[in-house]
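Contents: one structure, followed by commentary.
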Amino acid sequence: MSDQSVVPLDQILPDKLPLVALMGRPIFPGIFTPIMIGNPMDVKVIDEAVAGDALVGLVMLLNETETPSIEDLYKVGTAAKIVKKINLPDGGVNIFISTLKRFRIEKTLHAANPIVGAVEYLEDEEDDTSEVKALTRALISEMKQISENNPLFSEEMRLNMINIDHPGKIADFIASILNIEKNDQQKILEILNVRKRMEQVLVYIKKEQELLRIQKKIQKEINEKIEKSQRDYFLKEELKAIKTELGMTTDAKSSDYQRFKDKFDAFKFDGEIKETVEQELEKFSLMEPNSAEFIVTRNYLDAIVSLPWNDPEPENLDLENAKAVLEADHYGLADVKNRIVEYLAVRKLRTKTKGSKVPAGSIICLAGPPGVGKTSVGKSIAHALDKKFFRFSVGGMRDEAEIKGHRRTYIGAMPGKIIQGLKIVKTRDPVFMIDEIDKMGVSFQGDPASALLEVLDPEQNLNFRDHYLDLPFDISHIFFIVTANTLDTIPPPLLDRMEIIELPGYIDTEKLEIAKRYLVPKSLEKNGLKKKWVKYTTDSLLHIANGYAREAGVRNFEKNLDKIHRKLAKELVEEDGSLRAGQNGAADKAKTKKAKGPKAAAPASAPEAKKFVLDRKLVEKYLGKPVFPEGDIKLADKPGMSVGLAWTSMGGDTLVIEATSIPGKEGLTLTGKMGDTMKESAAIAMTVAHKLAVEKYGVAKDWFDANHIHLHIPEGATPKDGPSAGITMATALLSLLRNKTITDKLVMTGELSLTGRVLPIGGLKEKTIAARRNKAKHIIIPKQNLRDLDDIPDHVKKGIEFHPVERFAEVLALALPD
């Protein structure tokens, strides 16, 4: 590296200058600064200038480019004297310059490198006024504040600023050292009026001060946080040392460790559980509380100590008390009540014969339509057994981890519903209700139904292993109650593990009793009415059951009662002025009138005088016209019609089969949204009817060639399927072919074979209830279903005559007698 001195500064400025393009910021007059030149063409310009008068023009690039021309430069720049040049090893040069004066490029003498231009030197437009002096003082004062709080401003800079005696040069110097955009610096360079230049610089000083203020505020907040953190740390360490000296527990970690250890000692673990717990506890004692793994291990140990590991307490196996509780809570449901009493009796005998060993729990499935009380009966069972109750729904569940938990390797892992429930009830023999088991789904996250196989298997749940705990836990003492609307969607292996108890729908007389005992009192209390204010006639409650809530359950019945009671409450409030004003207003009036004597009546007593006796007419006033009019009974009152019975997930129902014929090509059209099985059954019914019509009833064979038969099941938007309407469709076809109406108030159900045999069906109890709601007096059933009649309560069968048949000819003898 070499250096070379150049000519003195005191010479006349030329009219033309070689121009050096500046990639960075512009340079103001009156500055002595080094510049690094790396571009070979610019180095050549510097060398030529040094060889001559050592003067160059410094102009900032308008458009950054590697090979600039004069069009890429701003018009205003600064003339500079090269004081010293140092050659660098990489071919570039480092020059020290003293900037002299502003200039404007007037003419282009050489457009490309080396760029040469004719220039005009610019003088400051000075205003020798007190305003300029004030601005000068303001600039120096504001810059002092910035420089005092900024370590980047050296003492030399502060001295140079104070020693400059020209206002314009002070503005230039300050603009050169402020941290502002280069375009803004170029604008200041181009301002010739000194006062305006100083004003503009003052604006940028204020912006810089605001930035420094915000920076200082942020720095202060950070320092305070750091200081607080350090202070807290030192105080905790001091507190720990003091507690150690006093022999006290040192910290929360030690407290948790001791709590876990005491609990584990009380549980008296052995085998795998003891080994795992001791390992986790040892690991916990060695962890730092600030580590993420510490929280995971602490939560795991906390989950273990929260579970009821000890054997259950001795049970209160009082059969009479259980019977009384079940009778008080629910009307009917004899199968469920008997099953619970049997369960208690078995447990009582096993406890006596097996000593202190606790017998296993039970797994039952309550299947029935919505609104028949499946969920509420679960709570009642827990009450009758004097056990804790926990319910969770698996309807729509698609993740097996909901049942068996997540593995601890996942963030936010937690146990499954079974272990969560045991943590809540804190006993090993609660009643668990798993609701809506028929509505589980399957996804990429697993099959919850498969996860339940282990939970509901008495042979496997002795050592149930939740993924989160990964320890064997005995859940065999839990009394599991599962609910479903239909059994068709439950996987057979899961269904095989449960004892099925079907809850059929209610007939009108049962709904009447349920309403009197439970629904009316409950609804009155819910709507703020007293029992003595509202009375229902028996006919009005039956009218609600038959006209507004004809479904299998009683949920709609309760909704209609709520609707009536809300309207009654509204009438009471509107008729009583004190109630309409509000309790607070009534209280204020009572205070005001207190001195007037005992004549003022309490507002709460106002409704006492109002009594409602609801008959059929008032029910229709509050509920509107019946949804199911009395004439809305499904009848087969024309040839080609018959009434059948169907089973749905909502309970039993009645189906009207309609058949008609039109002249045309031979064939059979089926409508009414029938499933494949029902379509096959209709084809069999058509074949059997065709054969009997020709061979037995004398219908001409060519009649079928000239007529097209249409068979329809109304309510076409509702899907229908199954084989049990076989005899019903065949009867409707023969009624059409014989032009004869079937026996009045007769309904039927049964699968029909091609040879005329009547095959058994399912859901006879629900179908019988549907027939009773439809005012039927005669029901034709397959003979093989006679055994199912024993499961139907006598009050449901009362007034109905059952006709068991084996052959379709027997059906015709009853439905279409000769």
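The values are calculated or read from the model by the stated rules, or taken from the named source; none is laboratory data. Computed from a predicted structure; not experimentally measured. Methodologically, a virtual Cβ is constructed for each residue, glycine included, from the backbone with ideal geometry; neighbour enumeration extends over all protein chains shown. Note: areas computed on protein heavy atoms with side chains; ligands, DNA, RNA excluded. Shrake-Rupley method; radii C 1.70, N 1.55, O 1.52, S 1.80 Å.
Results, tabulated for the structure shown:
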read-out	value
Subset of the range 20-35 (residues that are crowded, with 17+ Cβ neighbours inside 10 Å and under 21 Å from Leu88 (Cα atoms))	Val20, Ala21, Leu22, Ile35
Count - residues of the range 654-676 that are open to solvent by less than 60 Å² (accessible area, probe 1.4 Å) and either touching a helix residue (DSSP H, G or I) at 6+ places or on another chain (Cβ under 6 Å) or hydroxyl-bearing (Ser, Thr, Tyr) (or both)	8
Which numbered condition Glu558 misses (of (1) at pLDDT below 90; (2) open to solvent by 20 Å² or more (accessible area, probe 1.4 Å))	(1)
Filter result (surrounded by fewer than 22 Cβ atoms within 10 Å (Cβ to Cβ) and in contact with a Gly (Cβ under 7 Å, 6 or more places away or on another chain)) within the range 778-788	none
Identity of the residue in the range 687-710, in contact with a helix residue (DSSP H, G or I) (Cβ under 6 Å, 6 or more places away or on another chain) and closer than 15 Å to Met729 by Cβ, that ends up surrounded by the most Cβ atoms within 10 Å (Cβ to Cβ)	Ala689
The range 776-798, residues that are outside any helix (DSSP H, G or I) and under 46 Å from the mean Cα position of the chain (by Cα)	Ile792, Pro793
Failed item, numbered, when Glu766 is tested on (1) outside any helix (DSSP H, G or I); (2) touching a strand residue (DSSP E or B) at 6+ places or on another chain (Cβ under 6 Å)	(1)
Near pairs, Cβ below 8 angstrom, 6+ apart or cross-chain, from the range 64-85 (in a loop (DSSP other than H, G, I, E, B)) to any residue that is among the small types (Gly, Ala, Ser) and surrounded by 15 or more Cβ atoms within 10 Å (Cβ to Cβ)	Pro68/Ala21
All positions within the range 102-113 that are surrounded by fewer than 16 Cβ atoms within 10 Å (Cβ to Cβ) and either outside any strand (DSSP E or B) or touching a Pro at 6+ places or on another chain (Cβ under 6 Å) (or both)	Ala111, Ala112
Pair list, Cβ under 7 Å, 6 or more apart: the range 130-147 residue modelled with pLDDT under 80 and of a type in the set (Ser, Thr, Tyr), other residue open to solvent by 20 Å² or more (accessible area, probe 1.4 Å) and not in a helix (DSSP H, G or I)	Ser147/Phe153
Residue satisfying all of: in the range 36-54; surrounded by fewer than 19 Cβ atoms within 10 Å (Cβ to Cβ) and under 24 Å from Glu120 (Cβ atoms); nearest to the chain's Cα centre (by Cα) among these	Glu48
Some residue of the range 644-651 being out of contact with any strand residue (DSSP E or B) (no Cβ under 6 Å at 6 or more places or on another chain) and of a type in the set (A, V, I, L, M)	yes
Candidates Arg497, Arg550 - the one that is open to solvent by 10 Å² or more (accessible area, probe 1.4 Å), in contact (Cβ under 8 Å) with a residue 60 or more places away in the chain and under 21 Å from Val394 (Cα atoms)	Arg497
Residue within the range 392-401 that is open to solvent by less than 60 Å² (accessible area, probe 1.4 Å), at pLDDT below 80, aliphatic (A, V, I, L, M) and over 29 Å from Ala292 (Cβ atoms) present	no
Candidates Lys417, Lys374, Lys388, filtered to the one that is basic (Lys, Arg) and surrounded by fewer than 20 Cβ atoms within 10 Å (Cβ to Cβ)	Lys388
The range 420-451: number of residues that are in contact (Cβ under 8 Å) with a residue 40 or more places away in the chain, within 30 Å of Ala292 (Cβ to Cβ) and open to solvent by 30 Å² or more (accessible area, probe 1.4 Å)	4
